[in-house]
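Student: Starting off with a structure, shown below.
The values are calculated or read from the model by the stated rules, or taken from the named source; none is laboratory data. Source: prediction; values computed, not measured. All Cβ positions, glycine included, derive from the backbone under ideal geometry; neighbour counts span all protein chains shown. Note: accessible area is taken over every heavy atom of the protein model, side chains too, but ligands, DNA and RNA are not part of it. Shrake-Rupley method; radii C 1.70, N 1.55, O 1.52, S 1.80 Å.
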Amino acid sequence: MALSTTKKARTKSGASDGQEGAPAKRGRGSTAVYEELREDILSLRMAPGTALDEVALAARFGLSRTPVREALLMLSREDLVTFLPGRSAIVTPHTMSNAHEYMDTLMLLSRAINRLAAEVRTPKALAVIRQCQARYFTAVEGGDIHAIAAADLAFHLAISEASANGFLGNFYRLALDYGRRMHLLHYYPIFNVEEAERSLAEHAAMAAAIEAGDALRSEEAASAHVMSELRVVQRSLEPKVGVNFSLGNGLRSPK
């Protein structure tokens, strides 16, 4: 009944159904393109530096170039897409130039989210955290990096939901998303058995502290987890080839 009344009102005002629906359709189209491309970029299905052809993307999504362009503009505001001279676009190359700022932010948000979750968690929120913890364990045992990364993200988002703070949770989710490419490029490539066992233990420690309502222990567990991941990322940047052989070979040093 309400839809019928609205439609009659629009007809009386002189606006056709097609005119009224076009902007909404375009909005939904650009949002869908944005969300799918964003996930492609964050999961590295689209590698850093990949050229983004608007015509090809429009064909892929069955849309005109306009919503595709709008989606690319939305992604550029998150520094996931870079526009080049001539209106061409690429997936923004991944750099570590602001990694120290990112890790500082992630540390602060992780501590706050976990501490708050321990203070206000509900039985329902705890059940979701435990389910996500079990799924992470299963993913680690399976060994598929993308499944592990997805399960890890779901676990931390479950803790965010348990904190019951939407504003803080939004910033935390953005921080987690921002770090996904760094993890896939610098963390998971050397995610060995030792790192897997450590991560599982740290997840268990966070879940246990939250369940116990121990705010301080929850905050400490979150801090330890962030630092463990940071140390792996740092190790991924260490020289691997250049330190394994001598460059001397009897050659004289240049004078």
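Student: Would you mind telling me which residue in PHE137, PHE167, PHE191 has the biggest mean-square fluctuation in a Gaussian network model of the chain, where springs connect alpha carbons within a distance under 10 angstrom?
Tutor: Highest fluctuation of the listed residues: PHE167.
Student: When the chain is fully extended, how far beyond the present Cα-Cα distance does ALA208 get from ALA127, taking 0.36 nm per residue of separation?
Tutor: Numbers: separation 81, 0.36 × 81 = 29.16 nm, distance 1.19 nm.
Net length gain for the segment: 28.0 nm.
Student: I want to verify a result. In a Gaussian network model of the chain, Cα cutoff 10 Å, which of these has the top mean-square fluctuation: LEU157, LEU75, LEU237?
Tutor: Sorting by GNM fluctuation, first place goes to LEU237.
Student: Another question about this same structure. Using R₀ = 25 Å, calculate the FRET efficiency as 1/(1 + (r/R₀)^6) where r is the Cβ-Cβ separation of ASN192 and SER43; round to 0.05.
Tutor: Working: r = 22 Å, r/R0 = 0.86.
Efficiency computed from Cβ-Cβ geometry: 0.70.
Student: Can you pull out the trypsin sites (Lys or Arg not before Pro) in the range 76-116 that DSSP calls coil and that have at most 13 other Cβ atoms within 10 Å? Spell out each step's value before the answer.
Tutor: Values: sites: ARG77, ARG87, ARG111, ARG115; in loops: ARG77, ARG87.
The qualifying sites are ARG77, ARG87.
Student: Ok, one more. Whenever you get a sec, compute what percent of the accessible area on the chain sits on carbon and sulfur atoms (1.4 Å probe). Don't skip to the end; give the middle numbers.
Tutor: Details: 8610 of 14850 Å².
Heavy-atom surface of the chain belonging to carbon and sulfur, 1.4 Å probe: 58 percent.
Student: Would you calculate, for the chain, the mean residue ellipticity at 222 nm contributed by helices, counting each DSSP H stretch of 4 or more residues as -39,500 (n - 2.57) and dividing by all residues, to the nearest 500?
Tutor: Numbers: 10 runs with 173 residues, N = 255.
Calculated from helices alone, the mean residue ellipticity at 222 nm is -23000 deg cm²/dmol.
Student: Tell me, what HN-Hα J-couplings in whole Hz come from the Karplus equation 6.51 cos²θ - 1.76 cosθ + 1.60 at θ = phi - 60° for each residue of the range 141-153, using x for Gly and Pro?
Tutor: Result, rounded to whole Hz: 5, x, x, 7, 4, 5, 5, 5, 4, 5, 5, 4, 4.
Student: Moving on to the next point. What FRET efficiency comes out for the pair ASN170/VAL243, r = Cβ-Cβ distance, R0 = 30 Å, nearest 0.05?
Tutor: Values: r = 43 Å, r/R0 = 1.43.
So the FRET efficiency works out to roughly 0.10.
Student: What whole-number value in Å² describes the accessible area per residue of the chain for a 1.4 Å probe?
Tutor: Dividing the accessible area of the chain by its residue count gives 58 Å².
Student: Take the chain, connect every pair of alpha-carbon atoms lying under 10 Å apart with a spring to form a Gaussian network, then pick out the residue of ALA162, ALA56, ALA32 with the largest mean-square fluctuation.
Tutor: Ranking ALA162, ALA56, ALA32 by mean-square fluctuation puts ALA56 first.
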